[in-house]
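Presented below is the structure to which this report refers.
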Amino acid sequence: MAAAEEPKLIVAADAEALARTAAERVMARIAANSGRIAICLTGGSSPKKLYQLLGSDAWRDKIPWDRVHWFIGDERFVPESDPLNNMAVARAAFLDRNAPVGQIHPIPTDVDSPDHSAEAYARELQDFYGAERLDPARPLFDMVLMGAGPDGHTASLFPGYPEIEETKRWVVGVPRANVAPFVPRVSLTLPVLASCREMLFEIAGHDKQPILTRLLNGETLPALRARSNGETVWLVDQAALAEGIRGGR
(Lines give C-alpha, C1' and ligand atoms only; values in the text may rest on other atoms or scores of the structure.)
Protein backbone atom coordinates (compact mmCIF):
# COMPACT_ATOMS: atom_id res chain seq x y z
CA MET A 1 0.00 0.00 0.00
CA ALA A 2 1.31 3.47 -0.87
CA ALA A 3 2.34 5.75 1.96
CA ALA A 4 -0.34 8.07 3.21
CA GLU A 5 -0.27 11.53 1.66
CA GLU A 6 0.79 14.60 3.61
CA PRO A 7 -2.11 16.44 5.24
CA LYS A 8 -3.72 19.28 3.34
CA LEU A 9 -4.02 22.50 5.38
CA ILE A 10 -7.17 24.60 4.98
CA VAL A 11 -7.50 27.82 6.96
CA ALA A 12 -10.91 29.27 7.87
CA ALA A 13 -11.46 32.80 9.13
CA ASP A 14 -13.04 31.79 12.43
CA ALA A 15 -14.82 28.95 14.24
CA GLU A 16 -18.11 29.57 12.42
CA ALA A 17 -16.48 29.48 8.99
CA LEU A 18 -14.58 26.36 10.04
CA ALA A 19 -17.82 24.59 10.97
CA ARG A 20 -19.41 25.54 7.65
CA THR A 21 -16.40 24.26 5.72
CA ALA A 22 -16.45 21.02 7.71
CA ALA A 23 -20.18 20.58 7.02
CA GLU A 24 -19.58 21.13 3.31
CA ARG A 25 -16.89 18.47 3.29
CA VAL A 26 -19.14 16.02 5.14
CA MET A 27 -21.87 16.64 2.59
CA ALA A 28 -19.44 16.17 -0.30
CA ARG A 29 -18.41 12.77 1.06
CA ILE A 30 -22.05 11.78 1.49
CA ALA A 31 -22.85 12.91 -2.06
CA ALA A 32 -19.95 10.87 -3.45
CA ASN A 33 -21.43 7.59 -2.17
CA SER A 34 -24.78 6.41 -3.54
CA GLY A 35 -24.82 3.40 -1.23
CA ARG A 36 -24.38 2.84 2.50
CA ILE A 37 -22.36 5.62 4.15
CA ALA A 38 -20.26 5.42 7.32
CA ILE A 39 -19.08 8.50 9.20
CA CYS A 40 -16.91 8.28 12.30
CA LEU A 41 -17.53 11.18 14.68
CA THR A 42 -15.20 12.72 17.24
CA GLY A 43 -15.69 13.98 20.77
CA GLY A 44 -14.36 16.95 22.67
CA SER A 45 -15.20 20.58 22.00
CA SER A 46 -13.98 20.89 18.39
CA PRO A 47 -17.01 19.40 16.57
CA LYS A 48 -19.85 21.00 18.53
CA LYS A 49 -20.52 23.80 16.04
CA LEU A 50 -20.40 21.30 13.19
CA TYR A 51 -22.92 19.04 14.92
CA GLN A 52 -25.24 21.97 15.55
CA LEU A 53 -25.04 22.90 11.87
CA LEU A 54 -25.80 19.36 10.69
CA GLY A 55 -28.90 19.36 12.88
CA SER A 56 -30.10 22.78 11.74
CA ASP A 57 -32.98 23.38 9.35
CA ALA A 58 -30.57 24.56 6.67
CA TRP A 59 -28.56 21.34 6.60
CA ARG A 60 -30.47 18.35 7.93
CA ASP A 61 -32.78 18.00 4.94
CA LYS A 62 -29.71 17.56 2.71
CA ILE A 63 -28.62 14.41 4.55
CA PRO A 64 -29.97 11.01 3.35
CA TRP A 65 -30.45 9.81 6.91
CA ASP A 66 -31.67 6.37 5.82
CA ARG A 67 -28.26 5.62 4.27
CA VAL A 68 -25.83 7.08 6.82
CA HIS A 69 -24.38 5.14 9.75
CA TRP A 70 -22.74 7.11 12.55
CA PHE A 71 -19.83 5.69 14.56
CA ILE A 72 -17.41 7.38 16.96
CA GLY A 73 -13.62 7.30 17.16
CA ASP A 74 -13.31 7.18 20.93
CA GLU A 75 -15.35 7.32 24.09
CA ARG A 76 -14.90 8.16 27.72
CA PHE A 77 -15.81 5.13 29.80
CA VAL A 78 -18.73 6.80 31.54
CA PRO A 79 -22.49 6.12 31.34
CA GLU A 80 -24.44 7.46 28.36
CA SER A 81 -26.21 9.79 30.77
CA ASP A 82 -22.92 11.39 31.83
CA PRO A 83 -22.22 14.80 30.20
CA LEU A 84 -18.67 13.59 29.50
CA ASN A 85 -19.98 10.91 27.12
CA ASN A 86 -18.89 11.84 23.59
CA MET A 87 -21.65 10.12 21.65
CA ALA A 88 -24.28 11.56 23.99
CA VAL A 89 -23.15 15.04 22.95
CA ALA A 90 -23.51 14.18 19.27
CA ARG A 91 -26.87 12.52 19.87
CA ALA A 92 -28.22 15.54 21.70
CA ALA A 93 -26.86 17.96 19.09
CA PHE A 94 -28.25 16.30 15.97
CA LEU A 95 -28.46 12.51 15.81
CA ASP A 96 -31.43 11.61 18.01
CA ARG A 97 -33.76 13.99 16.17
CA ASN A 98 -32.77 12.78 12.72
CA ALA A 99 -30.94 9.46 12.45
CA PRO A 100 -32.62 6.03 12.65
CA VAL A 101 -31.72 4.58 16.03
CA GLY A 102 -30.26 1.44 14.45
CA GLN A 103 -27.81 3.56 12.49
CA ILE A 104 -26.28 5.24 15.54
CA HIS A 105 -23.39 3.11 16.79
CA PRO A 106 -22.13 4.23 20.22
CA ILE A 107 -19.22 2.58 21.98
CA PRO A 108 -20.84 0.57 24.80
CA THR A 109 -20.02 1.80 28.28
CA ASP A 110 -22.49 -0.36 30.18
CA VAL A 111 -20.05 -3.30 30.32
CA ASP A 112 -17.60 -4.08 33.10
CA SER A 113 -14.36 -2.72 31.62
CA PRO A 114 -12.91 -0.61 28.80
CA ASP A 115 -11.28 -3.73 27.35
CA HIS A 116 -14.62 -5.55 27.07
CA SER A 117 -16.15 -2.41 25.58
CA ALA A 118 -13.35 -2.34 23.00
CA GLU A 119 -13.90 -5.99 22.11
CA ALA A 120 -17.63 -5.41 21.66
CA TYR A 121 -17.15 -2.36 19.45
CA ALA A 122 -14.54 -4.15 17.35
CA ARG A 123 -17.08 -6.90 16.68
CA GLU A 124 -19.69 -4.32 15.73
CA LEU A 125 -17.31 -2.62 13.31
CA GLN A 126 -16.27 -5.94 11.78
CA ASP A 127 -19.89 -7.03 11.38
CA PHE A 128 -20.66 -3.74 9.64
CA TYR A 129 -17.59 -4.05 7.42
CA GLY A 130 -18.17 -7.73 6.71
CA ALA A 131 -14.64 -8.89 7.48
CA GLU A 132 -12.12 -9.15 10.31
CA ARG A 133 -9.29 -7.71 8.23
CA LEU A 134 -9.28 -4.32 6.56
CA ASP A 135 -8.79 -4.17 2.80
CA PRO A 136 -6.89 -1.02 1.73
CA ALA A 137 -9.01 -0.94 -1.42
CA ARG A 138 -12.27 -0.89 0.58
CA PRO A 139 -12.33 1.76 3.31
CA LEU A 140 -14.39 1.17 6.42
CA PHE A 141 -15.46 4.83 6.68
CA ASP A 142 -16.33 7.50 4.16
CA MET A 143 -15.12 10.13 6.61
CA VAL A 144 -13.40 10.18 10.00
CA LEU A 145 -13.64 13.37 12.04
CA MET A 146 -10.72 14.06 14.36
CA GLY A 147 -9.40 16.62 16.82
CA ALA A 148 -6.07 17.33 18.49
CA GLY A 149 -5.69 17.61 22.25
CA PRO A 150 -3.29 19.97 24.02
CA ASP A 151 -0.74 17.14 24.38
CA GLY A 152 -1.09 16.10 20.74
CA HIS A 153 -3.39 13.15 21.36
CA THR A 154 -6.14 12.29 18.90
CA ALA A 155 -9.11 10.03 19.54
CA SER A 156 -7.90 8.59 22.88
CA LEU A 157 -4.45 7.71 21.59
CA PHE A 158 -2.04 9.55 23.87
CA PRO A 159 1.66 10.27 23.25
CA GLY A 160 3.93 7.67 24.80
CA TYR A 161 1.09 5.26 25.56
CA PRO A 162 1.27 1.70 24.17
CA GLU A 163 -2.15 1.97 22.49
CA ILE A 164 -0.71 4.33 19.86
CA GLU A 165 1.48 1.45 18.60
CA GLU A 166 -1.35 -1.07 18.27
CA THR A 167 -1.61 -2.52 14.75
CA LYS A 168 -3.66 -5.70 15.18
CA ARG A 169 -6.67 -4.78 17.28
CA TRP A 170 -9.39 -2.53 15.89
CA VAL A 171 -10.35 -0.97 19.22
CA VAL A 172 -8.46 -0.72 22.51
CA GLY A 173 -9.24 0.10 26.11
CA VAL A 174 -7.17 2.93 27.57
CA PRO A 175 -6.92 2.55 31.38
CA ARG A 176 -6.12 6.18 32.11
CA ALA A 177 -6.11 9.42 30.16
CA ASN A 178 -3.13 11.72 29.78
CA VAL A 179 -5.29 14.86 30.10
CA ALA A 180 -8.54 15.79 31.82
CA PRO A 181 -11.05 14.34 32.22
CA PHE A 182 -8.99 11.60 33.84
CA VAL A 183 -11.37 8.74 33.14
CA PRO A 184 -10.67 5.48 31.29
CA ARG A 185 -11.23 5.60 27.55
CA VAL A 186 -11.99 3.34 24.59
CA SER A 187 -10.43 4.21 21.24
CA LEU A 188 -10.21 3.03 17.67
CA THR A 189 -6.62 2.32 16.66
CA LEU A 190 -4.58 4.13 14.02
CA PRO A 191 -5.02 1.48 11.27
CA VAL A 192 -8.80 1.51 11.72
CA LEU A 193 -9.02 5.29 11.77
CA ALA A 194 -6.88 5.32 8.62
CA SER A 195 -9.40 3.14 6.78
CA CYS A 196 -11.35 6.06 5.37
CA ARG A 197 -11.71 8.13 2.24
CA GLU A 198 -11.11 11.33 4.19
CA MET A 199 -9.80 12.12 7.67
CA LEU A 200 -10.82 15.63 8.68
CA PHE A 201 -9.18 17.32 11.67
CA GLU A 202 -10.88 20.37 13.15
CA ILE A 203 -8.47 22.55 15.15
CA ALA A 204 -9.86 25.89 16.31
CA GLY A 205 -9.21 28.55 18.90
CA HIS A 206 -6.25 30.41 20.33
CA ASP A 207 -5.75 27.71 22.97
CA LYS A 208 -4.87 25.25 20.18
CA GLN A 209 -2.08 27.46 18.84
CA PRO A 210 0.75 25.76 20.81
CA ILE A 211 -0.16 22.22 19.76
CA LEU A 212 -0.89 23.17 16.15
CA THR A 213 2.53 24.84 15.97
CA ARG A 214 4.17 21.66 17.24
CA LEU A 215 2.27 19.58 14.68
CA LEU A 216 3.11 21.92 11.80
CA ASN A 217 6.75 21.68 12.88
CA GLY A 218 6.55 17.93 12.36
CA GLU A 219 6.66 16.68 15.95
CA THR A 220 5.63 13.01 15.77
CA LEU A 221 2.67 13.19 18.10
CA PRO A 222 -0.40 10.96 17.68
CA ALA A 223 -2.31 13.70 15.84
CA LEU A 224 0.48 13.83 13.24
CA ARG A 225 0.73 10.05 12.98
CA ALA A 226 -3.00 9.74 12.28
CA ARG A 227 -3.34 9.71 8.50
CA SER A 228 -6.05 8.52 6.17
CA ASN A 229 -5.23 5.95 3.54
CA GLY A 230 -7.12 8.42 1.34
CA GLU A 231 -7.12 12.17 2.00
CA THR A 232 -6.08 13.83 5.28
CA VAL A 233 -7.21 17.42 5.87
CA TRP A 234 -6.29 19.77 8.70
CA LEU A 235 -9.05 22.37 8.89
CA VAL A 236 -7.94 25.15 11.22
CA ASP A 237 -9.06 28.68 12.03
CA GLN A 238 -6.91 31.79 12.11
CA ALA A 239 -6.90 31.87 15.92
CA ALA A 240 -5.16 28.49 16.07
CA LEU A 241 -2.33 29.59 13.79
CA ALA A 242 0.85 31.12 15.16
CA GLU A 243 1.90 34.51 13.83
CA GLY A 244 3.66 34.18 10.51
CA ILE A 245 1.63 31.14 9.44
CA ARG A 246 -1.28 32.31 7.33
CA GLY A 247 -3.16 31.02 4.32
CA GLY A 248 -3.64 27.41 3.20
CA ARG A 249 -1.86 24.89 1.09
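The values are calculated or read from the model by the stated rules, or taken from the named source; none is laboratory data. Since this is a predicted model, take the numbers as computed values, not measurements. Cβ atoms come from the backbone with ideal geometry, glycine included; neighbour counts cover every protein chain shown. What goes into the accessible areas is simple: the full protein's heavy atoms, side chains included, and nothing from ligands, DNA or RNA. Shrake-Rupley method; radii C 1.70, N 1.55, O 1.52, S 1.80 Å.
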Compute the label zone of Lys168 within segment 177-213: residues whose backbone N is under 16 Å from the point 7 Å along Cα-to-Cβ. 189-192
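Could you grab the Rg to Rh ratio for the chain? Cα atoms only, Kirkwood for Rh. All intermediate terms of the calculation are to be shown ahead of the outcome.
Working: Rg = 16.8 Å, Rh = 18.0 Å.
Rg divided by Rh gives 0.93.
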Counting other Cβ atoms within 10 Å, keep those with at most 13, restrict to DSSP loop, and tell me which trypsin sites (Lys or Arg not before Pro) in segment 22-52 are left. Arg36
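What shape does segment 33-124 take by its C-alpha gyration tensor, where a ≥ b ≥ c are the square roots of the eigenvalues and a/c under 1.5 counts as rounded, a/b above b/c as prolate, and the rest as oblate? Before the final figure, lay out the partial values.
Numbers: a/c = 2.32, a/b = 1.46, b/c = 1.59.
Oblate shape, in that a/c is at least 1.5 and b/c is the bigger or equal ratio.
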Straight-line reach from Lys62: which aspartates and glutamates fall under 15 Å, measuring Cα to Cα and dropping same-chain residues less than 8 apart? Glu24
Here the residues of segment 67-97 lying in the modelled label zone of Asp112, meaning backbone nitrogen under 12 Å from a point 7 Å along Cα-to-Cβ, are none
State the percentage of accessible surface on the chain attributable to carbon and sulfur atoms; use a 1.4 Å probe and exclude ligands, DNA and RNA. 51
Short version: what are the Cα gyration tensor semi-axes of segment 28-83, square root of 5 times each eigenvalue, largest first, in whole Å? 23, 15, 10
Inter-label distance, nm, simple model (7 Å from Cα along the C-beta direction), Ala120/Ala58: 3.9
Computed on Cα atoms only, the convex hull of segment 65-181 has an orientation-averaged projected area in nm² of 7.9
Name the aspartates and glutamates eligible as straight-distance cross-link partners of Lys49: C-alpha to C-alpha under 12 Å, and not fewer than 8 places from it in the same chain. Asp14, Glu16, Glu202
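Given a 1.4 angstrom probe, what's the average accessible area per residue across segment 1-54, in square angstrom? All intermediate terms of the calculation are to be shown ahead of the outcome.
Values: 2570 Å² over 54 residues.
It amounts to 48 Å² per residue over segment 1-54.
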If you count only protein heavy atoms with a 1.4 Å probe, what accessible area per residue comes out for segment 110-232, rounded to a whole Å²? 43
Let me see the P(r) profile for segment 149-249: every Cα-Cα distance counted, bins of 10 Å, each bin given as a percent of all pairs. 15, 45, 33, 7, 0
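Percent antiparallel among DSSP beta bridges with both residues in the chain, to the nearest 5? Could the numbers behind the result be given before it?
Details: 9 of 33 bridges.
If I count the DSSP bridges inside the chain, around 25 percent turn out antiparallel.
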Please work out the Cα center distance from segment 150-170 to segment 184-225, rounded to the nearest Å. 10
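Classify segment 157-212 as rounded, prolate or oblate, taking a ≥ b ≥ c as the square roots of the eigenvalues of its Cα gyration tensor: rounded when a/c is under 1.5, otherwise prolate if a/b is larger than b/c and oblate if not.
Numbers: a/c = 2.26, a/b = 1.18, b/c = 1.91.
Oblate is the answer for segment 157-212, as a/c is 1.5 or above yet b/c matches or exceeds a/b.
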